[in-house]
Amino acid sequence: MKIEVRFYRIRETDLAEAVIGQETADVEDLNEAIEIARQLSKTLNMPQRPDAMSISDSDGNELYVHTFGIENSD
């Protein structure tokens, strides 16, 4: 199945989200998608460290969400 992995920052004051990185991949199942997303979180060149990531299928259905934690930007 084709998936899209998105990494984003979350603004603590209003929980607004900003995508800072995204990739698509072909995977066999959700477990493989999660493993690829974890690898990308360490290797994808992003301008900032992401607060969260999501995995969606090709129809836009959200399959998995993981929060790394919200850092105070002050």
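Bear in mind these aren't lab numbers, they're just calculated from the coordinates by the rules spelled out. Bear in mind that the values here come from a model prediction, so they are computed numbers and not experimental data. Neighbour counts are summed over all protein chains in view; Cβ atoms, including those assigned to glycine, are modelled from backbone coordinates with ideal geometry.
About the Cα centre of the chain, what is the dipole size in debye to 20, counting +1 per Lys and Arg Cβ and -1 per Asp and Glu Cβ, all else neutral?
300
According to the Cα-based calculation, Rg over Rh for the chain is 0.98, with Rh computed by the Kirkwood formula.
The local environment of residue 39, defined by Cβ-Cβ distances under 11 Å, has a net charge of -1 under the rule Lys, Arg +1 and Asp, Glu -1.
Provide the gained length on full extension for the span residue 42 to residue 57, in nm with one decimal, where the gain is 0.36 nm per separating residue minus the Cα-Cα distance.
Gain on extension, residue 42 to residue 57, equals 3.2 nm.
Pairs of Cα atoms nearer than 8 Å and 6+ residues apart set the relative contact order; for the chain it is 36 percent. Taking each DSSP H run with n ≥ 4 as -39500 (n - 2.57) and averaging over every residue of the chain yields -6000 deg cm²/dmol at 222 nm.
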